[in-house]
Structures are given as structure tokens and as C-alpha cells.
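Read the structure below first, then the notes.
The values are calculated or read from the model by the stated rules, or taken from the named source; none is laboratory data. These figures come from a predicted structure and were not determined experimentally. Don't worry about glycine lacking a Cβ; one is built from the backbone with ideal geometry, like all the others, and counts go over all protein chains shown. These area figures cover heavy atoms from the full protein model, side chains too; ligands, DNA and RNA do not enter into them. Shrake-Rupley method; radii C 1.70, N 1.55, O 1.52, S 1.80 Å.
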Amino acid sequence: MKTTHRFRSLFSLLLMMAISIPITATAALPDTISKVKPAIVGIGIYNKLATPRAQLLGTGFAVRISSQSTKSQIIATNAHVVPSRLLNDGKTQFVVFVGQGKSPDVRNARVIARDEKHDLALLKITGKAIPTLSMANSQVREGEEYPFTGFPIGAILGLYPVTHKGMISSITPVAIPARNAKELTIKQLKHLKNPYMVYQLDATAYPGNSGSPVYHPATGSVIAIVNKVLLKSTKESALTNPSDITYAIPVKHLQQLIKRTALN
């Protein structure tokens with residue numbers, strides 16, 4: 001009888017431990033998301049005389065930099081989100097949308113660095129400081145799950161960040177979403193000769209997610225930046241028929257871009 005009682009007590013203890021682990025891990029994510037969201041910004045253009053006045057091009061996030069000037073903040077995003085040139089009409093501005101809701105703070109942005117190879121860009125904004133995200137130094141492993149937050153389908157009803165989560169399904173050479181070789185440009189083919197590694201996630205991202213930070217679910221430290229989605233057919237199908245395959249640039253390339261950029 002004593003042996004049976006001890007066995008039942010041990011079994012109950014192990015059962016409680018098994019249950020408590022996933023509950024604790026799951027409970028950490030909502031707290032992390034609430035800390036991350038204030039650092040998420042929209043990247044776009046603004047013209048107060050146009051209709052609509054604002055156009056969201058993608059997502060960005062405020063980066064935590066120890067040597068950063070107190071008069072400005074650095075925003076990270078994708079290079080392809082930044083227009084190659086703006087309309088020379090003296091009215092259209094390249095901006096960062098800060099805050100949440102229907103009336104975000106619109107701040108002029110200046111591009112201070114671009115890395116076309118790794119599809120990254122750094123912007124500088126001024127004004128009231130916003131929360132920042134740190135960059136992770138830990139290794140990422142296949143099978144781990146990470147959330148990412150951004151603006152997947154724009155900001156028609158206002159600026160409301162959305163969070164998705166996906167598993168690192170592969171650490172693979174950078175992929176060019178194309179159905180066949182005929183769709184690849186000469187520039188893309190050159191990149192494929194000397195590819196770098198990216199993270200492939202089994203998660204659904206949309207065009208507005210470009211520039212979204214992928215981060216550790218417990219700490220909020222950024223491990224990568226979303227930059228593209230594998231298309232099944234056409235660009236229009238990204239919304240109606242997503243592929244559930246998303247690519248993200250490892251954060252080390254962002255760290256390298258920051259190191260070689262004059263931030264002040």
C-alpha cells in the first residue's frame with residue numbers, strides 16, 4: 001500500500017510539472033507582445049492634399065542602440081519598402097507612422113543607410129522617444145517558434161499591429177520567389193551564385209509585413225526581419241491564396257549595417 005501511495009504521489013507531481021511548463025511558456029507571449037507593439041511603426045508616404053493622405057508601404061521597428069543620440073531614433077525596415085525616389089512635387093513626404101489607432105503621429109524620415117543585398121534599411125526620425133527593441137545574439141535553431149508583429153494588410157482602419165507566429169522550418173540559402181528561371185533577373189542570378197542564409201518560417205505574412213521584427217517569445221529580442229513571402233502564382237494572390245512560407249533576414253546583418261553606419 002505504501003509503495004502504491006508513493007507511486008501515485010510521484011505520478012501526480014510529474015503530471016503537475018508537465019502541465020506547468022507549457023502554461024508558463026504560453027503565458028509569457030502576451031506580455032512580450034504588449035512590450036513589443038509600442039516599438040512597431042509604419043513606413044509610408046504622406047501628402048496632406050492627396051486622397052488618401054497617407055499610404056502605408058510596410059513595417060519598421062525602433063532599434064535599441066547604446067550610442068544613439070537622444071535627439072533622434074533609428075528605425076529598421078526592408079530596403080524594398082523605402083521608395084527609390086519620391087515624387088518631386090514638394091508635397092509628398094517619406095514618413096514613419098508612430099503610435100496606434102486612427103490618428104498616429106506622422107514624422108518625417110530620412111534614409112541613412114541601405115543594404116540592398118540583405119534587403120535592409122535604416123531610417124532616422126526625431127521627436128518624442130518611443131520604446132526600442134534589442135537585437136538577439138543567441139543562435140536560432142530549426143523547430144523553434146517565433147512571433148512577428150507588423151501591419152499585414154495595411155492601415156485602412158488605422159494603425160493596429162498584428163502578431164503571427166511560425167516555426168523556423170529551415171535555415172536555407174536566400175530564396176528568390178519565382179516559378180521558373182525565366183522570371184529571375186540578371187541581378188537575382190548573381191546573388192544566387194554567392195547566397196547567404198535566411199530563415200524560412202511556416203507562417204503567413206503579407207505584403208505589409210515587410211520589415212516586421214521576428215522576435216524571441218519570452219524576451220522580445222529581435223532574431224530576424226521579415227522580407228518576403230513565397231508566392232504561389234501572382235502578387236495579387238499573396239492576399240487571396242497565401243503560401244504559408246515566409247522568409248526573414250537574420251538580425252546579424254542588421255547589426256553589421258548599424259556598425260558601419262554613422263548614426264549621429
Q.
How charged is the neighbourhood of Gly158? Take every other residue with its Cβ under 14 Å from the Cβ of Gly158, and add Lys/Arg as +1 and Asp/Glu as -1.
A. +2
Q) For the range 74-118, which whole percent of the accessible surface, found with a 1.4 angstrom probe, sits on carbon and sulfur atoms? A) 45
Q: Would you grab the residues whose amide H sits under 5 Å from the one on Ala224? Only those 5+ places off in sequence or on another chain, please, with H modelled 1.01 Å from N.
A: Val214, Val251
**Q.** Protection proxy ranking, peptides 113-120, 59-66, average beta carbon neighbours within 10 Å, highest first
**A.** 59-66, 113-120
Q | Per residue solvent-accessible surface (Å²) - the range 74-137, probe of 1.4 Å | A | 51
Q. Points 7 angstrom from Cα along the Cβ direction at Ala50 and Asn108: gap in nanometres?
A. 1.7
**Q.** Virtual spin-label span in nm between Glu145 and Ile171, 7 Å along Cα→Cβ
**A.** 2.1
(Q) I need the peptides 217-223, 79-85 ranked by packing, meaning the mean over residues of other C-beta atoms within 10 angstrom, with the highest value on top. (A) 217-223, 79-85
